[in-house]
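Following: one structure in structure tokens, then a few remarks.
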Amino acid sequence: MVAAMVEHADTQRLIGDLAREGVIVSVDHAAGTACVQFADELTTGDIPWLASRAGSTRTWSPPAIGEQVMVLAPEADTARGVIIGSLSSDAHPHPANDASTLTEYEDGARIGYDPKSHSLTAILPVGATVRIDADGGLSFKGDMTVDGNIKSTGTITADTDVVGAGKSLKDHVHHGVQPGGGLSGKPQ
């Protein structure tokens, strides 16, 4: 009977050690691994984290030091462990509390989509840049507002008109124009 109780306790402990919560204490970006420390002070060696995609389509989103994670350790062997996901914590709470999808980065950048307002947003910190390389072209449908200067290294073409400071490029008139080589005044 005593052997059965000990065996039962060992089985319970092993089952409890299959999945454990811990905190990332180091990250090796080149190797794609991290070390996790558990509440009992046990620290794993370098173990991989689970990627959402790792085939012909791949994603890269490494964990950060201090991030709370869940580790799955087959047969309770942390040397074979895999970081299977992150858990929100007081130090790193949820970035939203609604039905939106949101990614928030360490520098404050936020990229998300809110299905209620049908709004896709990319809010970047001061000094951030955006780069889109699309040799096949870039297409926007809808009105566009730009708060800042626009510079082009190529031709800007409009199918209807270009209006600057209230003056139409195609329909403006010049007053005081006389035949000859004189220059006209500014558009009216």
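The values are calculated or read from the model by the stated rules, or taken from the named source; none is laboratory data. The shown structure was predicted, so the numbers you read here are calculated from the model rather than taken from an experiment. All Cβ positions, even for glycine, are placed from backbone atoms using ideal geometry, and neighbour counts span all protein chains on display. Heads up: the accessible areas ignore ligands, DNA and RNA and are worked out on the full protein's heavy atoms, side chains in. Shrake-Rupley method; radii C 1.70, N 1.55, O 1.52, S 1.80 Å.
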Original post:
Is one or more of the residues making up the stretch 113-132 of a type in the set (Phe, Trp, Tyr) and more than 26 Å from residue 95 (Cα to Cα)?
Top reply: no
Original post:
Does the stretch 50-80 hold any residues that are among the aliphatic types (A, V, I, L, M) and closer than 21 Å to residue 17 by Cβ, and which are they?
Top reply: 50, 69, 70, 71, 72, 73, 76, 79
**OP:** Could you run through the stretch 47-63 and say how many residues are more than 18 Å from the chain's Cα centre (by Cα), open to solvent by less than 70 Å² (accessible area, probe 1.4 Å) and not aliphatic (A, V, I, L, M)?
**Re:** 2
**OP:** Output the qualifying pairs, or none if there are none: Cβ atoms under 8 angstrom, residues six or more apart or on different chains, first residue in the stretch 104-126 and at negative phi, second residue of a type in the set (Asp, Glu).
**Re:** 110/104; 114/98; 116/98; 121/114; 125/107
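This table checks each residue for (1) in contact with a Phe, Trp or Tyr (Cβ under 9 Å, 6 or more places away or on another chain); (2) more than 17 Å from residue 85 (Cβ to Cβ).
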| site | (1), (2) |
| --- | --- |
| 28 | no, yes |
| 34 | yes, no |
| 38 | no, no |
| 42 | no, yes |
| 48 | no, no |
| 54 | no, no |
| 58 | no, yes |
Subject >> Boolean, residue 44 is among the polar types (S, T, N, Q) and open to solvent by 60 Å² or more (accessible area, probe 1.4 Å) >> reply: no
Subject >> Subset of the stretch 86-109 [over 22 Å from residue 51 (Cβ atoms) and open to solvent by 60 Å² or more (accessible area, probe 1.4 Å)] >> reply: 90, 91, 93, 97, 98, 99, 107
**OP:** Would you check if there is a residue in the stretch 64-85 being out of contact with any Cys (no Cβ under 6 Å at 6 or more places or on another chain), open to solvent by less than 90 Å² (accessible area, probe 1.4 Å), within 30 Å of residue 37 (Cβ to Cβ) and of a type in the set (Ser, Thr, Tyr)?
**Re:** yes
**OP:** Select from the stretch 115-129 the residues that are open to solvent by 100 Å² or more (accessible area, probe 1.4 Å) and closer than 15 Å to residue 105 by Cα and list them in ascending order.
**Re:** 126, 129
